[in-house]
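The values are calculated or read from the model by the stated rules, or taken from the named source; none is laboratory data. Remember, predicted model here, so these are calculated numbers, not experimental data. Counting neighbours? That spans all protein chains shown, and the Cβs are built from the backbone with ideal geometry, glycine included. All accessible areas refer to the heavy atoms of the entire protein, side chains included, with ligands and DNA or RNA removed. Shrake-Rupley method; radii C 1.70, N 1.55, O 1.52, S 1.80 Å.
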Amino acid sequence: MDHVSTGEAVAFWILGSIAVIGALGMVLARNAVHSALWLVVTMLCLGFLYVVNAAPFLGAVQIIVYTGAIMMLFLFVLMLVGRDASDSLIETLRGQRVAAVLLGVGFAALVGTGLARSLGDNTVVGLTDANANGNVEGLAALLFTRYVFAFEITSALLITAAVGAMVMAHVERDKADIVGQATRMKQRFRPGNYPGAKPGPGVYANTMSVAAPARLPDGNGSERSISAILPIRELTADEAAPKGTDK
């Protein structure tokens with residue numbers, strides 16, 4: 001299709017701009033959680049762009065799989081590891097920074113070459129035959145026939161990432177640190193503790209104020225019934241008198 005409608009052009013410039021802003025926010029954000037959320041915004045915009053370009057299946061996969069599953073896995077790992085955990089500036093593997101720079105330059109060259117070829121005047125071959133029975137059927141046939149090995153490797157990678165997150169979150173505890181029910185009961189009924197429920201304000205009380213201590217059956221006030229942040233209110237004689245028995 002050589003002609004681009006006005007709606008597609010407007011959607012491209014709006015969603016494309018938001019996607020670029022999200023990508024920049026992901027790179028520039030200091031907080032790891034904020035960086036992941038910026039990436040979610042970029043992935044959502046890409047999913048909407050697929051839908052606008054008459055590829056609803058790819059748009060649904062982009063939103064459900066990448067935004068809904070993989071990014072939630074990233075956030076899950078961040079919450080387990082801790083977003084405030086700072087990376088060590090000491091290079092543990094010698095030469096890893098040089099290798100990272102070389103691999104980054106190579107990846108950028110690969111992506112640039114692919115974009116240059118895709119934007120050129122290349123004739124698409126085999127697309128009509130692949131989509132003869134529909135785009136979804138054509139993608140499914142390619143995924144489970146020609147690219148089934150890469151598909152399974154990707155699935156194994158995602159499963160490995162989930163298992164790794166659970167392993168990182170697991171904390172070994174010594175048997176001495178595990179407190180059993182019998183130990184908990186002994187600590188609860190240790191002398192000086194109050195094992196029962198604390199009486200609430202107003203129980204056997206002469207007033208409805210939460211600042212007045214509750215009255216125990218022996219007539220004494222229970223200081224346990226008053227919150228530590230509430231001062232004990234001075235009661236007048238009329239308030240302190242038993243209600244209904246002063247006449």
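Descriptive notes on the structure:
- Computed with every protein chain present, the accessible area of ASP174 is close to 110 Å² [probe 1.4 Å].
- Converting phi to 3J(HN,Hα) with the Karplus coefficients 6.51, -1.76 and 1.60 and the offset θ = phi - 60°, region 7-23 yields x, 5, 5, 5, 4, 5, 5, 6, 5, x, 5, 5, 5, 5, 4, x, 5 Hz in sequence order, with x at every glycine or proline.
- For region 13-69, fraction of C-alpha pairs farther apart than 14 Å, in %: 52
- Three principal axis extents of region 1-43 based on alpha-carbon atoms, in descending order, are 42, 13, 13 Å.
- Protection proxy ranking of 24-35, 63-74 - average other beta-carbon atoms within 10 Å, highest first: 63-74, 24-35
- Cβ-derived FRET efficiency at R0 30 Å, HIS170 paired with LEU110, nearest 0.05: 0.20
- Solvent-accessible surface (1.4 Å probe) assigned to THR128 amounts to roughly 120 Å².
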